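Engineer: Quick one: the structure is below, questions incoming.
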Amino acid sequence: MAAMQSLFGTSRSKKDDAEHWIGISDMMSGLMMIFLFMAVAYMYYVQVERDTVREIAVAYKDTQVAIHRDLITEFGGDLGGWNATIDRDTLEFTFNNPEALFRPGSPELNAKFRGTLEDFFPRYIAVLAKYRDAIDEIRIEGHTSSDWGRLQGEAAYFPNMSLSQDRTREVLQYVLSRLPDGADREWVRSSFAAVGYSSSRSIVDQGTGQEDAARSRRVNFRVITDSELKIRNIIEKLDGA
């Protein structure tokens, strides 16, 4: 009898074990389906984001081309006399050699550069006016060479930082003071920023590999479209996912 109970007991234990493993198998299958759905949803999300980036990139390129074309049309004949350039890829309108624009080592504007800004800025605003909805910010950027008298390296970097920042602030303050009250003035106040980079973006001569000090000293107006920020935000989301 004991042997039979032992036998039946063993039989029930095997049945219970089988049901136990069947339950685990069902649970694992369910989890695998959940993970599969999550993977498919994530792949779909990534694809949608990539398509969005592609669409924004196309719009960004079209806007870049259009703004550059209009700037060249408006200012092409002035660039040589102003010692200025317009970069097609970055939309940087650069006035080179600040020694001709400011007093040496000073943020004070030369009289000639004040006259140039009075001619340039209202026309610049007029060109960009029709792209306002696509523009996030316009930066007036100041750059210096890496030297400061006899100082080099970090000892020269911070005085140059102050100088580049003061010069861009002086430019922004001057052009803003020449605008009459109205929509353009309010847009400039809300959309323009003055940024000094010191020598952090100095220009290097491709032939010698050495800094071109004269070309490094410059002031530029740079258009930043909202497409740039949208693409950056999406890429950051994808990298963090």
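The values are calculated or read from the model by the stated rules, or taken from the named source; none is laboratory data. Quick caveat, the model's predicted, so the values are computed rather than measured. Every residue, glycine as well, gets a Cβ built from its backbone with ideal geometry; the counts of neighbours run over all protein chains shown. Ligands, DNA and RNA are excluded from the accessible area calculation, which covers all protein heavy atoms including side chains. Shrake-Rupley method; radii C 1.70, N 1.55, O 1.52, S 1.80 Å.
Engineer: Which trypsin sites (Lys or Arg not before Pro) in segment 86-186 pass both tests, a DSSP loop state and at most 14 other beta-carbon atoms within 10 Å? Each step should come with its number before you reach the end.
Structural biologist: On the way: sites: Arg88, Lys112, Arg114, Arg123, Lys130, Arg132, Arg139, Arg150, Arg167, Arg169, Arg178, Arg185; in loops: Arg88, Arg150, Arg178.
For trypsin sites (Lys or Arg not before Pro) across segment 86-186 that sit outside H, G, I, E and B with at most 14 neighbouring Cβ atoms in 10 Å, the list reads Arg88, Arg150, Arg178.
Engineer: Let me ask something else about it. Report, to one decimal in Å, the Kirkwood hydrodynamic radius for segment 162-225 based on all distinct Cα pairs.
Structural biologist: With all distinct Cα pairs of segment 162-225 included, I get 13.7 Å.
Engineer: I need the P(r) histogram for segment 83-133: all alpha carbon pairs, bin width 10 Å from 0 out to the longest distance, whole percents.
Structural biologist: 22, 45, 27, 5
Engineer: If you build the Cα gyration tensor of segment 60-196 and take the root of 5 times each eigenvalue, what three semi-axes come out, in whole angstrom, biggest first? If you can, show how the numbers build up before the last one.
Structural biologist: On the way: eigenvalues 142, 56, 48 Å².
Calculated on Cα positions only, the semi-axes equal 27, 17, 15 Å.
Engineer: Suppose accessible area is computed on protein heavy atoms with a 1.4 Å probe; arrange Glu92, Glu118 from highest to lowest. Walk me through the numbers on the way to the answer.
Structural biologist: Values: Glu92 45, Glu118 80 Å².
My answer, sorted largest first, is Glu118, Glu92.
Engineer: Let me ask something else. Enumerate the amide H contacts of Ser198 below 5 Å, restricted to partners 5 or more residues apart or on another chain; note that Pro and chain-start residues carry no placed amide H.
Structural biologist: Thr144, Ser164, Gln165
Engineer: Heavy-atom accessible area per residue, segment 82-227, 1.4 Å probe: how many Å²? It would help to have the intermediate numbers written out before the result.
Structural biologist: Working: 7230 Å² over 146 residues.
Per residue, segment 82-227 has 49 Å² of solvent-accessible surface.
Engineer: With θ set to phi - 60° and the Karplus curve 6.51 cos²θ - 1.76 cosθ + 1.60, what are the ³J(HN,Hα) couplings of segment 154-169 in order, to the nearest whole Hz, using x for Gly and Pro?
Structural biologist: Once rounded to whole Hz, the list reads 5, 5, 8, 4, 6, x, 5, 4, 4, 5, 5, 5, 5, 5, 5, 5.
Engineer: Enumerate the calculated ³J(HN,Hα) couplings along segment 125-134 in order (Karplus 6.51 cos²θ - 1.76 cosθ + 1.60, θ = phi - 60°), each rounded to whole Hz, writing x wherever the residue is Gly or Pro.
Structural biologist: For segment 125-134, the Karplus curve yields 4, 5, 5, 7, 4, 6, 10, 4, 5, 9 Hz.
Engineer: Can you list residues from other chains, or at least 5 along the same chain, whose modelled amide H is less than 5 Å from the amide H of Phe102?
Structural biologist: Asn110
Engineer: In whole Hz, with x marking every Gly and Pro, tabulate ³J(HN,Hα) for segment 103-114 from phi via Karplus 6.51 cos²θ - 1.76 cosθ + 1.60, θ = phi - 60°.
Structural biologist: 3J(HN,Hα) across segment 103-114, in whole Hz: 5, x, x, 9, x, 5, 6, 5, 4, 5, 5, 4.
Engineer: Leaving out ligands, DNA and RNA but keeping every protein chain, what accessible area does Leu172 have, in Å² rounded to the nearest 10, with a 1.4 Å probe?
Structural biologist: 30
Engineer: Ranked from the most accessible area to the least, with a 1.4 Å probe and all protein chains present, what is the order of Ile67, Ile86?
Structural biologist: Working: Ile67 0, Ile86 25 Å².
Largest accessible area first, the list is Ile86, Ile67.
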